[in-house]
Amino acid sequence: KHFLVKTKYSEYEGKSIIIATGCKHRKLGLENEDKLIGHGISYCAVCDGAFYKGKDVILIGDANTALQYAISLSSICNKVTIATLFDKFFADQILIDKLKELKNVTIFHNLSSKKLIGESELKAIEFVNTKTNEIITIPADGAFIAIGQVPDNEKFANLADLENGFILVDENKQTKTKGVFAVGDCIKKKVRQVITAASDGAIASLSSVRYIDSLS
């Protein structure tokens, strides 16, 4: 039994497949968002936070990652404004308490992103208050978007069971199809870090070898 993988560039045939497509950051879906990536818009404070030392930034999000980013940015940025869509945080209480202690962090709830202001560089973000319909414009040198990640696994639905878009695997990283394995951020898991992805890869590689050996 062989699998055939077709890409934009070529075709590949093999006895086993390891799916490692990862996730992509969920975007706001606003005009000019893609254009402003790297020019004020970022999805990773760990990667890009240092570029905004001493500047004013906005953090959009309400869960653990968003709060961790906001806390980290508060130590290097002049001012951090965190905006959430709902009227509360969906994060660990220890992070919420820490965030509220920080003097240079301002919290806004019930804000929906409406418009990115700036042509070549982000200048501000326009929000609408979902309770009052008030328009609020917050100036910023940068904005970090932390509203989740989106898997792109629908193309594998015939090979693997999906839950909320993530691939379900067993302890050997095998999907419902023998010989097809999946690893990293594209699978259902609790911790999404480089070290756990590397572990997934090691397990899947050995499992794939054992599967191929079983064919002979």
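The values are calculated or read from the model by the stated rules, or taken from the named source; none is laboratory data. Small disclaimer: the values here were computed from a predicted structure and weren't measured. Cβ placement follows ideal geometry from the backbone for every residue including glycine, while neighbour counts extend to all protein chains displayed.
Answer with yes or no whether A83 is of a type in the set (G, A, S), farther than 22 Å from I37 by Cβ and in the same structural domain as A50 (by TED's automatic domain parsing).
Judged against the criteria, A83 is not a match.
Read through the list (1) outside the structural domain of D87 (by TED's automatic domain parsing); (2) at pLDDT 95 or above; (3) surrounded by 15 or more Cβ atoms within 10 Å (Cβ to Cβ), then give the number of the only condition that K189 fails.
(2)
Can you pull out the residues in region 165-186 that are within 15 Å of I18 (Cβ to Cβ), without any contact (Cβ under 8 Å) to a residue 24 or more places away in the chain and surrounded by 14 or more Cβ atoms within 10 Å (Cβ to Cβ)?
V169, T177
Within region 148-168, which residues are within 14 Å of the chain's Cα centre (by Cα) and part of a loop (DSSP other than H, G, I, E, B)?
G148, D152, G165
Answer yes if at least one residue in region 87-108 is within 21 Å of K55 (Cα to Cα), among the small types (G, A, S), in contact (Cβ under 8 Å) with a residue 24 or more places away in the chain and out of contact with any Cys (no Cβ under 9 Å at 6 or more places or on another chain), and no otherwise.
No, because not a single residue in region 87-108 is within 21 Å of K55 (Cα to Cα), among the small types (G, A, S), in contact (Cβ under 8 Å) with a residue 24 or more places away in the chain and out of contact with any Cys (no Cβ under 9 Å at 6 or more places or on another chain).
Being under 25 Å from N104 (Cβ atoms) and either in contact with a helix residue (DSSP H, G or I) (Cβ under 8 Å, 6 or more places away or on another chain) or in a strand (DSSP E or B) (or both) is the filter here, so list the residues in region 21-37 that pass it.
Of the residues in region 21-37, the ones under 25 Å from N104 (Cβ atoms) are 28, 36.
Within region 21-37, none qualify.
Filter region 62-96 down to the residues that are surrounded by fewer than 21 Cβ atoms within 10 Å (Cβ to Cβ) and assigned to a strand (DSSP E or B), then identify the one that is farthest from the chain's Cα centre (by Cα).
So the residue we want is K79.
Please state which one of V80, V128 is touching a helix residue (DSSP H, G or I) at 6+ places or on another chain (Cβ under 6 Å) and of a type in the set (V, I, T). Break it down into steps so the answer makes sense when it comes.
Values: V128 fails: touching a helix residue (DSSP H, G or I) at 6+ places or on another chain (Cβ under 6 Å).
Answer to the selection: V80.
Out of region 171-196, which residues are of a type in the set (D, E), assigned to a loop (DSSP other than H, G, I, E, B) and in contact with a Lys or Arg (Cβ under 9 Å, 6 or more places away or on another chain)?
Initial filter on region 171-196 (of a type in the set (D, E)): 171, 185.
When the remaining residues are screened for being assigned to a loop (DSSP other than H, G, I, E, B), the result is 171.
Residues satisfying the conditions do not exist here.
Pairs needed: first member in region 63-83, farther than 11 Å from A143 by Cβ and in contact (Cβ under 8 Å) with a residue 60 or more places away in the chain; second member anywhere, surrounded by fewer than 18 Cβ atoms within 10 Å (Cβ to Cβ) and of a type outside the set (A, V, I, L, M); C-beta distance under 7 Å; at least 6 residues apart or different chains.
If the second residue must be surrounded by fewer than 18 Cβ atoms within 10 Å (Cβ to Cβ) and of a type outside the set (A, V, I, L, M), the pairs left are A63/F90.
List the pairs whose first member sits in region 200-216 and is among the acidic types (D, E), whose second member is in a helix (DSSP H, G or I), and whose Cβ atoms are under 8 Å apart, counting only residues at least 6 apart or on separate chains?
Pairs found: D200/G184.
When region 15-61 is examined, which residues are found to be without any contact (Cβ under 8 Å) to a residue 12 or more places away in the chain and either crowded, with 21+ Cβ neighbours inside 10 Å or over 29 Å from V183 (Cα atoms) (or both)?
K35
Is it true that A91 is touching a Phe, Trp or Tyr at 6+ places or on another chain (Cβ under 6 Å), of a type outside the set (D, E, K, R) and closer than 16 Å to G148 by Cβ?
When the stated conditions are applied, A91 does not pass them.
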